[in-house]
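Everything below concerns the one structure shown next.
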Amino acid sequence: MTDTPLEFGDPSDLEQLRGEFRGWLAENPLPERGADEPVPVFLHRWHKQLHSGGWVGLDVPEEFGGRGLTTLHQVAISDELGAQQAPGVPRIGYLAQALLKFANDEQRRRLLPRMLAGDDVWCQGFSEPGAGSDLAGMSTVAEKRGDHYIVRGQKLWTSYAQYSNLCLLLARTDRDGVAHKSISAFILPLDRPGVTVRPLKAHNGDDEFCELFLDDVRIEESELIGNEGDGWPLAMTTVSYERNALDTGHLSKYGLLVERLRAVVGERGNDLPDGLRSEVGRCFVDYEGLVAHTRRRIAERIAGVEAPFDSSIDKLLMTRTEQRLYETAIKVLPEALYEDGNEVFAEYLYSRAASVYGGTSQIQRNIIAKRILRLPS
Ligand SMILES: Cc1cc2nc3c(=O)[nH]c(=O)nc-3n(C[C@H](O)[C@H](O)[C@H](O)COP(=O)(O)OP(=O)(O)OC[C@H]3O[C@@H](n4cnc5c(N)ncnc54)[C@H](O)[C@@H]3O)c2cc1C
(Lines give C-alpha, C1' and ligand atoms only; values in the text may rest on other atoms or scores of the structure.)
Protein backbone atom coordinates (compact mmCIF):
# COMPACT_ATOMS: atom_id res chain seq x y z
CA MET A 1 0.00 0.00 0.00
CA THR A 2 1.12 3.51 -0.68
CA ASP A 3 1.16 6.27 1.90
CA THR A 4 0.79 8.97 -0.75
CA PRO A 5 -2.34 11.07 -0.25
CA LEU A 6 -4.55 9.96 -3.11
CA GLU A 7 -4.95 6.35 -1.95
CA PHE A 8 -8.70 5.90 -1.71
CA GLY A 9 -9.97 2.56 -2.90
CA ASP A 10 -8.35 2.56 -6.35
CA PRO A 11 -9.02 0.09 -9.13
CA SER A 12 -6.98 -3.07 -8.71
CA ASP A 13 -4.58 -2.36 -11.56
CA LEU A 14 -3.64 0.99 -10.07
CA GLU A 15 -1.41 -0.44 -7.36
CA GLN A 16 0.31 -2.51 -10.03
CA LEU A 17 0.85 0.60 -12.15
CA ARG A 18 2.28 2.50 -9.18
CA GLY A 19 4.62 -0.43 -8.51
CA GLU A 20 5.74 -0.57 -12.16
CA PHE A 21 6.36 3.15 -12.13
CA ARG A 22 8.41 3.03 -8.92
CA GLY A 23 10.47 0.20 -10.41
CA TRP A 24 11.05 2.20 -13.58
CA LEU A 25 11.91 5.31 -11.59
CA ALA A 26 14.45 3.39 -9.53
CA GLU A 27 16.23 2.41 -12.75
CA ASN A 28 15.67 5.74 -14.49
CA PRO A 29 16.06 8.36 -11.77
CA LEU A 30 15.71 12.10 -12.24
CA PRO A 31 18.84 13.19 -14.12
CA GLU A 32 21.25 15.77 -12.72
CA ARG A 33 20.63 19.30 -13.91
CA GLY A 34 23.70 20.73 -15.67
CA ALA A 35 25.39 23.67 -13.93
CA ASP A 36 24.28 26.19 -16.57
CA GLU A 37 21.32 24.25 -17.88
CA PRO A 38 18.15 26.39 -17.98
CA VAL A 39 15.29 24.82 -15.99
CA PRO A 40 12.99 24.39 -19.04
CA VAL A 41 15.77 22.57 -20.95
CA PHE A 42 16.33 20.28 -17.97
CA LEU A 43 12.58 19.65 -17.62
CA HIS A 44 12.36 18.88 -21.32
CA ARG A 45 15.04 16.17 -20.91
CA TRP A 46 13.03 14.77 -17.99
CA HIS A 47 9.83 14.89 -20.05
CA LYS A 48 11.50 12.86 -22.84
CA GLN A 49 12.85 10.37 -20.31
CA LEU A 50 9.36 9.89 -18.83
CA HIS A 51 7.87 9.52 -22.29
CA SER A 52 10.45 6.88 -23.27
CA GLY A 53 9.17 4.83 -20.32
CA GLY A 54 5.54 5.29 -21.40
CA TRP A 55 4.66 7.60 -18.48
CA VAL A 56 3.27 10.61 -20.37
CA GLY A 57 -0.35 10.96 -21.50
CA LEU A 58 -1.70 7.92 -19.69
CA ASP A 59 -5.26 9.17 -20.08
CA VAL A 60 -4.88 10.19 -23.73
CA PRO A 61 -6.39 7.72 -26.25
CA GLU A 62 -3.85 5.33 -27.82
CA GLU A 63 -4.63 6.56 -31.35
CA PHE A 64 -3.27 9.96 -30.33
CA GLY A 65 -0.08 8.66 -28.72
CA GLY A 66 -1.29 8.07 -25.16
CA ARG A 67 -1.99 4.85 -23.25
CA GLY A 68 -5.78 4.99 -23.22
CA LEU A 69 -6.00 4.63 -19.42
CA THR A 70 -8.06 6.75 -17.02
CA THR A 71 -7.63 10.05 -15.23
CA LEU A 72 -6.96 8.10 -12.07
CA HIS A 73 -3.94 6.39 -13.65
CA GLN A 74 -2.55 9.75 -14.75
CA VAL A 75 -3.18 11.24 -11.30
CA ALA A 76 -1.46 8.27 -9.63
CA ILE A 77 1.71 8.87 -11.65
CA SER A 78 1.68 12.62 -10.89
CA ASP A 79 1.19 11.67 -7.26
CA GLU A 80 4.15 9.26 -7.30
CA LEU A 81 6.35 11.90 -8.94
CA GLY A 82 5.41 14.44 -6.27
CA ALA A 83 6.08 11.92 -3.51
CA GLN A 84 9.60 11.42 -4.92
CA GLN A 85 10.04 15.22 -5.03
CA ALA A 86 10.50 14.83 -8.78
CA PRO A 87 9.08 17.40 -11.18
CA GLY A 88 5.91 16.46 -13.04
CA VAL A 89 5.52 16.45 -16.79
CA PRO A 90 5.74 20.06 -17.82
CA ARG A 91 2.80 22.10 -19.07
CA ILE A 92 1.03 19.75 -21.44
CA GLY A 93 -1.96 18.19 -19.64
CA TYR A 94 -4.24 21.13 -20.20
CA LEU A 95 -3.03 21.82 -23.74
CA ALA A 96 -3.64 18.17 -24.65
CA GLN A 97 -7.21 18.46 -23.32
CA ALA A 98 -7.82 21.56 -25.47
CA LEU A 99 -6.63 19.75 -28.61
CA LEU A 100 -8.58 16.60 -27.77
CA LYS A 101 -11.76 18.59 -27.45
CA PHE A 102 -11.44 21.17 -30.25
CA ALA A 103 -8.87 20.11 -32.86
CA ASN A 104 -9.94 18.14 -35.92
CA ASP A 105 -8.87 14.52 -36.34
CA GLU A 106 -5.96 15.34 -38.65
CA GLN A 107 -4.61 17.91 -36.17
CA ARG A 108 -5.03 15.56 -33.19
CA ARG A 109 -3.21 12.72 -34.97
CA ARG A 110 -0.42 15.01 -36.09
CA LEU A 111 0.02 17.14 -32.98
CA LEU A 112 -0.84 15.07 -29.89
CA PRO A 113 1.79 12.30 -30.26
CA ARG A 114 4.48 14.93 -30.83
CA MET A 115 3.25 16.97 -27.86
CA LEU A 116 3.27 13.94 -25.57
CA ALA A 117 6.73 12.88 -26.80
CA GLY A 118 8.14 16.37 -26.23
CA ASP A 119 9.02 16.60 -29.94
CA ASP A 120 7.00 19.80 -30.05
CA VAL A 121 7.16 22.20 -27.14
CA TRP A 122 4.12 24.44 -26.78
CA CYS A 123 3.52 27.76 -25.10
CA GLN A 124 0.25 29.53 -24.41
CA GLY A 125 -0.37 32.87 -26.16
CA PHE A 126 -3.49 34.15 -24.40
CA SER A 127 -2.70 37.22 -22.22
CA GLU A 128 -1.91 40.63 -23.67
CA PRO A 129 -0.74 43.92 -22.15
CA GLY A 130 -4.38 45.10 -21.96
CA ALA A 131 -6.10 41.73 -21.61
CA GLY A 132 -5.33 39.37 -18.72
CA SER A 133 -8.33 38.95 -16.44
CA ASP A 134 -10.43 40.53 -19.17
CA LEU A 135 -9.19 38.07 -21.79
CA ALA A 136 -12.19 38.69 -24.03
CA GLY A 137 -10.93 42.24 -24.48
CA MET A 138 -7.87 41.08 -26.43
CA SER A 139 -6.82 43.14 -29.41
CA THR A 140 -4.62 40.77 -31.43
CA VAL A 141 -6.38 40.37 -34.76
CA ALA A 142 -6.32 37.55 -37.34
CA GLU A 143 -7.65 38.87 -40.63
CA LYS A 144 -8.91 36.33 -43.17
CA ARG A 145 -7.28 36.63 -46.61
CA GLY A 146 -8.53 33.78 -48.79
CA ASP A 147 -6.87 30.55 -47.60
CA HIS A 148 -4.88 32.15 -44.77
CA TYR A 149 -4.94 34.74 -41.98
CA ILE A 150 -2.66 37.70 -41.31
CA VAL A 151 -2.10 38.19 -37.57
CA ARG A 152 -1.10 41.43 -35.86
CA GLY A 153 -0.77 42.10 -32.15
CA GLN A 154 1.19 41.47 -28.97
CA LYS A 155 1.06 38.78 -26.30
CA LEU A 156 2.53 39.07 -22.80
CA TRP A 157 3.51 36.67 -19.97
CA THR A 158 3.93 33.87 -22.53
CA SER A 159 5.76 31.37 -20.32
CA TYR A 160 8.91 29.86 -21.81
CA ALA A 161 8.10 30.91 -25.38
CA GLN A 162 11.85 31.12 -26.03
CA TYR A 163 12.08 27.35 -25.39
CA SER A 164 8.98 26.49 -27.45
CA ASN A 165 8.44 25.86 -31.13
CA LEU A 166 4.62 26.09 -31.20
CA CYS A 167 2.16 28.49 -29.61
CA LEU A 168 -1.52 27.99 -28.87
CA LEU A 169 -2.55 31.45 -29.99
CA LEU A 170 -5.80 33.32 -29.41
CA ALA A 171 -6.72 36.12 -31.80
CA ARG A 172 -9.82 38.02 -32.78
CA THR A 173 -11.22 36.94 -36.16
CA ASP A 174 -14.19 39.32 -36.10
CA ARG A 175 -13.45 42.86 -34.95
CA ASP A 176 -17.12 43.87 -34.75
CA GLY A 177 -18.61 40.73 -33.18
CA VAL A 178 -19.52 40.04 -29.54
CA ALA A 179 -16.17 40.04 -27.68
CA HIS A 180 -15.92 36.42 -26.53
CA LYS A 181 -17.66 34.96 -29.60
CA SER A 182 -15.21 36.48 -32.06
CA ILE A 183 -12.03 34.89 -30.70
CA SER A 184 -10.39 31.98 -32.54
CA ALA A 185 -7.53 29.64 -31.65
CA PHE A 186 -4.56 28.90 -33.87
CA ILE A 187 -1.45 26.75 -33.98
CA LEU A 188 1.39 29.22 -34.48
CA PRO A 189 4.89 27.93 -35.34
CA LEU A 190 7.20 30.37 -33.59
CA ASP A 191 9.73 30.41 -36.42
CA ARG A 192 7.24 32.11 -38.77
CA PRO A 193 8.39 35.39 -40.32
CA GLY A 194 7.00 38.31 -38.32
CA VAL A 195 7.18 36.57 -34.90
CA THR A 196 9.52 38.11 -32.31
CA VAL A 197 9.96 36.47 -28.89
CA ARG A 198 11.48 38.70 -26.21
CA PRO A 199 12.19 37.12 -22.80
CA LEU A 200 11.70 39.20 -19.60
CA LYS A 201 13.64 38.67 -16.34
CA ALA A 202 11.54 38.18 -13.18
CA HIS A 203 12.48 39.14 -9.58
CA ASN A 204 13.72 35.61 -8.80
CA GLY A 205 16.17 35.81 -11.73
CA ASP A 206 14.16 33.46 -14.00
CA ASP A 207 13.34 34.42 -17.55
CA GLU A 208 10.03 32.56 -17.56
CA PHE A 209 7.95 35.30 -19.14
CA CYS A 210 8.13 36.50 -22.71
CA GLU A 211 6.64 39.16 -24.85
CA LEU A 212 5.48 37.92 -28.22
CA PHE A 213 5.26 40.44 -31.06
CA LEU A 214 3.22 39.43 -34.10
CA ASP A 215 3.80 41.63 -37.14
CA ASP A 216 1.78 40.53 -40.17
CA VAL A 217 2.30 36.85 -39.43
CA ARG A 218 0.76 34.47 -41.97
CA ILE A 219 -1.18 31.58 -40.45
CA GLU A 220 -2.71 28.97 -42.75
CA GLU A 221 -6.40 28.11 -42.60
CA SER A 222 -5.37 24.55 -41.70
CA GLU A 223 -3.77 25.99 -38.53
CA LEU A 224 -7.13 27.22 -37.19
CA ILE A 225 -8.20 24.92 -34.32
CA GLY A 226 -11.85 23.94 -34.62
CA ASN A 227 -13.99 26.70 -36.15
CA GLU A 228 -13.77 30.47 -36.10
CA GLY A 229 -15.21 31.60 -32.76
CA ASP A 230 -14.11 28.44 -30.88
CA GLY A 231 -11.29 30.34 -29.18
CA TRP A 232 -13.26 31.30 -26.08
CA PRO A 233 -14.60 27.83 -25.17
CA LEU A 234 -11.15 26.40 -25.98
CA ALA A 235 -9.51 28.94 -23.67
CA MET A 236 -12.02 28.15 -20.90
CA THR A 237 -11.33 24.41 -21.30
CA THR A 238 -7.60 25.07 -21.14
CA VAL A 239 -7.75 27.21 -18.02
CA SER A 240 -10.23 24.90 -16.31
CA TYR A 241 -7.66 22.09 -16.62
CA GLU A 242 -4.83 24.48 -15.74
CA ARG A 243 -6.68 25.55 -12.58
CA ASN A 244 -7.44 21.97 -11.74
CA ALA A 245 -5.72 20.30 -8.79
CA LEU A 246 -5.57 16.87 -10.39
CA ASP A 247 -2.82 17.01 -12.99
CA THR A 248 0.07 18.03 -10.79
CA GLY A 249 2.08 16.18 -8.18
CA HIS A 250 1.72 19.18 -5.92
CA LEU A 251 -0.37 17.48 -3.27
CA SER A 252 2.32 14.95 -2.45
CA LYS A 253 4.90 17.71 -2.29
CA TYR A 254 2.74 19.78 0.05
CA GLY A 255 2.16 16.67 2.18
CA LEU A 256 5.89 16.06 2.59
CA LEU A 257 6.48 19.66 3.63
CA VAL A 258 3.57 19.63 6.10
CA GLU A 259 5.08 16.52 7.69
CA ARG A 260 8.48 18.22 7.86
CA LEU A 261 6.96 21.24 9.63
CA ARG A 262 5.03 19.01 12.03
CA ALA A 263 8.26 17.17 12.86
CA VAL A 264 9.97 20.48 13.72
CA VAL A 265 7.02 21.42 15.96
CA GLY A 266 7.37 18.00 17.61
CA GLU A 267 11.10 18.50 18.25
CA ARG A 268 11.20 22.22 19.05
CA GLY A 269 7.60 22.81 20.07
CA ASN A 270 8.33 24.78 23.24
CA ASP A 271 10.92 26.96 21.51
CA LEU A 272 8.49 28.05 18.82
CA PRO A 273 6.09 30.93 19.45
CA ASP A 274 2.46 29.86 19.93
CA GLY A 275 1.41 31.73 16.80
CA LEU A 276 3.83 29.77 14.65
CA ARG A 277 2.62 26.42 16.01
CA SER A 278 -0.94 27.45 15.17
CA GLU A 279 0.18 28.39 11.65
CA VAL A 280 1.59 24.90 11.16
CA GLY A 281 -1.77 23.56 12.40
CA ARG A 282 -3.57 25.70 9.80
CA CYS A 283 -1.27 24.34 7.09
CA PHE A 284 -2.15 20.80 8.14
CA VAL A 285 -5.89 21.58 8.04
CA ASP A 286 -5.61 23.32 4.63
CA TYR A 287 -3.68 20.38 3.27
CA GLU A 288 -6.14 17.76 4.54
CA GLY A 289 -9.02 19.86 3.16
CA LEU A 290 -7.36 20.04 -0.23
CA VAL A 291 -6.75 16.28 -0.29
CA ALA A 292 -10.42 15.60 0.54
CA HIS A 293 -11.57 18.08 -2.10
CA THR A 294 -9.25 16.57 -4.71
CA ARG A 295 -10.56 13.07 -4.02
CA ARG A 296 -14.07 14.29 -4.65
CA ARG A 297 -13.03 15.99 -7.88
CA ILE A 298 -11.24 12.87 -9.13
CA ALA A 299 -14.32 10.77 -8.39
CA GLU A 300 -16.44 13.32 -10.31
CA ARG A 301 -14.12 13.29 -13.28
CA ILE A 302 -14.17 9.51 -13.41
CA ALA A 303 -17.96 9.58 -13.25
CA GLY A 304 -17.93 12.02 -16.19
CA VAL A 305 -19.41 14.91 -14.19
CA GLU A 306 -18.88 18.15 -16.12
CA ALA A 307 -18.32 20.92 -13.58
CA PRO A 308 -15.97 23.34 -15.36
CA PHE A 309 -16.50 26.21 -12.92
CA ASP A 310 -15.48 24.04 -9.96
CA SER A 311 -11.90 24.34 -11.18
CA SER A 312 -12.05 27.86 -9.70
CA ILE A 313 -12.59 26.25 -6.28
CA ASP A 314 -9.61 23.94 -6.95
CA LYS A 315 -7.45 26.89 -7.89
CA LEU A 316 -8.42 28.96 -4.82
CA LEU A 317 -7.86 26.06 -2.41
CA MET A 318 -4.52 25.18 -3.99
CA THR A 319 -3.38 28.78 -3.89
CA ARG A 320 -4.35 29.21 -0.25
CA THR A 321 -2.71 25.94 0.77
CA GLU A 322 0.48 26.60 -1.15
CA GLN A 323 0.96 30.23 -0.13
CA ARG A 324 0.27 29.65 3.57
CA LEU A 325 2.46 26.55 3.60
CA TYR A 326 5.54 28.22 2.12
CA GLU A 327 5.02 31.41 4.16
CA THR A 328 5.00 29.24 7.28
CA ALA A 329 7.90 27.08 6.09
CA ILE A 330 10.32 29.98 5.71
CA LYS A 331 9.56 30.97 9.32
CA VAL A 332 9.84 27.46 10.77
CA LEU A 333 12.88 26.35 8.75
CA PRO A 334 15.52 29.05 9.34
CA GLU A 335 17.90 27.61 6.72
CA ALA A 336 15.29 28.54 4.06
CA LEU A 337 16.28 32.18 4.46
CA TYR A 338 20.04 31.81 4.88
CA GLU A 339 21.05 28.98 2.54
CA ASP A 340 22.04 29.92 -1.01
CA GLY A 341 19.62 28.42 -3.57
CA ASN A 342 17.38 26.93 -0.85
CA GLU A 343 14.51 25.08 -2.52
CA VAL A 344 11.87 26.00 0.06
CA PHE A 345 12.73 29.66 -0.39
CA ALA A 346 12.59 29.33 -4.19
CA GLU A 347 9.16 27.65 -3.88
CA TYR A 348 8.06 30.42 -1.49
CA LEU A 349 8.93 33.06 -4.10
CA TYR A 350 7.14 31.18 -6.86
CA SER A 351 4.09 30.56 -4.67
CA ARG A 352 3.38 34.31 -4.81
CA ALA A 353 2.50 33.84 -8.49
CA ALA A 354 -0.15 31.21 -7.73
CA SER A 355 -2.78 33.87 -7.08
CA VAL A 356 -2.14 35.31 -10.57
CA TYR A 357 -1.33 32.61 -13.15
CA GLY A 358 -4.21 30.71 -14.73
CA GLY A 359 -6.54 33.56 -13.60
CA THR A 360 -6.24 35.63 -10.41
CA SER A 361 -7.86 34.72 -7.07
CA GLN A 362 -10.26 37.67 -7.40
CA ILE A 363 -11.42 36.35 -10.77
CA GLN A 364 -11.90 32.83 -9.32
CA ARG A 365 -14.06 34.36 -6.57
CA ASN A 366 -16.09 36.23 -9.19
CA ILE A 367 -16.63 32.96 -11.13
CA ILE A 368 -17.68 31.09 -7.97
CA ALA A 369 -20.06 33.91 -7.00
CA LYS A 370 -21.67 34.23 -10.43
CA ARG A 371 -21.55 30.74 -11.91
CA ILE A 372 -21.77 28.43 -8.92
CA LEU A 373 -23.55 30.43 -6.21
CA ARG A 374 -25.58 32.43 -8.78
CA LEU A 375 -25.26 35.60 -6.73
CA PRO A 376 -26.59 38.78 -8.36
CA SER A 377 -23.92 40.96 -10.04
C1 LIG B 1 3.80 32.66 -13.43
C2 LIG B 1 2.86 33.12 -14.49
C3 LIG B 1 2.81 32.47 -15.71
C4 LIG B 1 1.94 32.91 -16.71
N5 LIG B 1 1.97 32.27 -17.92
C6 LIG B 1 1.16 32.70 -18.91
C7 LIG B 1 1.22 32.06 -20.19
O8 LIG B 1 2.01 31.13 -20.43
N9 LIG B 1 0.39 32.51 -21.16
C10 LIG B 1 -0.50 33.53 -20.96
O11 LIG B 1 -1.26 33.85 -21.86
N12 LIG B 1 -0.55 34.17 -19.75
C13 LIG B 1 0.27 33.79 -18.74
N14 LIG B 1 0.24 34.43 -17.51
C15 LIG B 1 -0.62 35.62 -17.37
C16 LIG B 1 -1.82 35.43 -16.45
O17 LIG B 1 -2.80 34.63 -17.04
C18 LIG B 1 -2.32 36.84 -16.14
O19 LIG B 1 -1.30 37.50 -15.40
C20 LIG B 1 -3.59 36.82 -15.32
O21 LIG B 1 -4.68 36.34 -16.08
C22 LIG B 1 -3.94 38.24 -14.79
O23 LIG B 1 -3.94 39.17 -15.80
P24 LIG B 1 -3.09 40.53 -15.67
O25 LIG B 1 -1.71 40.17 -15.22
O26 LIG B 1 -3.26 41.29 -16.93
O27 LIG B 1 -3.77 41.30 -14.46
P28 LIG B 1 -5.04 42.25 -14.54
O29 LIG B 1 -6.13 41.56 -15.29
O30 LIG B 1 -4.62 43.60 -15.02
O31 LIG B 1 -5.46 42.32 -13.02
C32 LIG B 1 -4.82 43.21 -12.09
C33 LIG B 1 -5.52 43.07 -10.75
O34 LIG B 1 -6.89 43.49 -10.87
C35 LIG B 1 -7.76 42.45 -10.41
N36 LIG B 1 -8.96 42.41 -11.25
C37 LIG B 1 -9.04 42.52 -12.60
N38 LIG B 1 -10.31 42.41 -13.02
C39 LIG B 1 -11.08 42.23 -11.90
C40 LIG B 1 -12.47 42.03 -11.67
N41 LIG B 1 -13.35 42.01 -12.68
N42 LIG B 1 -12.89 41.84 -10.39
C43 LIG B 1 -12.00 41.85 -9.35
N44 LIG B 1 -10.66 42.05 -9.51
C45 LIG B 1 -10.21 42.23 -10.76
C46 LIG B 1 -6.96 41.16 -10.60
O47 LIG B 1 -7.43 40.14 -9.72
C48 LIG B 1 -5.55 41.62 -10.24
O49 LIG B 1 -5.38 41.63 -8.85
C50 LIG B 1 1.09 34.03 -16.49
C51 LIG B 1 1.13 34.69 -15.26
C52 LIG B 1 2.01 34.27 -14.28
C53 LIG B 1 2.05 35.00 -12.97
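Quick notes on this one:
- The single condition among (1) of a type in the set (S, T, N, Q); (2) at pLDDT 95 or above; (3) under 30 Å from residue 46 (Cα atoms) that residue 140 does not meet is (3).
- Cβ pairs under 7 Å, 6+ apart, first in the stretch 312-336 and in contact (Cβ under 8 Å) with a residue 60 or more places away in the chain and crowded, with 18+ Cβ neighbours inside 10 Å, second basic (Lys, Arg) and not in a helix (DSSP H, G or I): 312/243; 314/243; 315/243
- Of the residues 164, 133, the single one that is hydroxyl-bearing (Ser, Thr, Tyr), touching a strand residue (DSSP E or B) at 6+ places or on another chain (Cβ under 7 Å) and within 16 Å of the ligand (Cβ to nearest atom) is 164.
- Criterion violated by residue 160 - all others in (1) touching a Phe, Trp or Tyr at 6+ places or on another chain (Cβ under 8 Å); (2) under 22 Å from residue 114 (Cβ atoms); (3) surrounded by 16 or more Cβ atoms within 10 Å (Cβ to Cβ) satisfied: (1)
- Here residue 198 passes the criteria (1) more than 12 Å from the ligand (Cβ to nearest atom); (2) more than 22 Å from residue 353 (Cα to Cα) except the one numbered (2).
- The lone exception for residue 54 - which of (1) within 28 Å of residue 226 (Cα to Cα); (2) free of Cβ contacts under 8 Å to residues at least 24 places away in the same chain it fails: (1)
- Qualifying positions in the stretch 75-111 - within 17 Å of the chain's Cα centre (by Cα), closer than 29 Å to residue 223 by Cβ and at pLDDT 85 or above: 95, 96, 97, 98, 99, 100
- Count - residues of the stretch 73-125 that are among the aromatic types (Phe, Trp, Tyr), surrounded by fewer than 22 Cβ atoms within 10 Å (Cβ to Cβ) and in contact with a Leu (Cβ under 7 Å, 6 or more places away or on another chain): 1
- Residue pairs meeting the criteria (Cβ under 7 Å; at least 6 apart or on separate chains; first more than 30 Å from residue 203 (Cα to Cα), in the stretch 350-377; second outside any helix (DSSP H, G or I) and more than 6 Å from the ligand (Cβ to nearest atom)): 369/375; 370/377
- Any hit, the stretch 222-243, residues being surrounded by 21 or more Cβ atoms within 10 Å (Cβ to Cβ), touching a Lys or Arg at 6+ places or on another chain (Cβ under 7 Å) and at pLDDT below 85: yes
- Hey, residue 225 under 18 Å from residue 120 (Cα atoms), in contact with a Gly (Cβ under 9 Å, 6 or more places away or on another chain) and more than 14 Å from the ligand (Cβ to nearest atom) or not: yes
- Selection count where residues are under 21 Å from residue 87 (Cα atoms), assigned to a helix (DSSP H, G or I) and away from the ligand (no atom under 16 Å from the Cβ), scope the stretch 334-363: 4
- Inspection of the stretch 334-347 finds a residue satisfying the criterion of being within 30 Å of residue 128 (Cβ to Cβ) and within 25 Å of the chain's Cα centre (by Cα).
The values are calculated or read from the model by the stated rules, or taken from the named source; none is laboratory data. Predicted model only: the values in this text are computed from it and were never measured. Please note: Cβ atoms are built from the backbone with ideal geometry, for glycine as well, and neighbour counts cover all protein chains shown.
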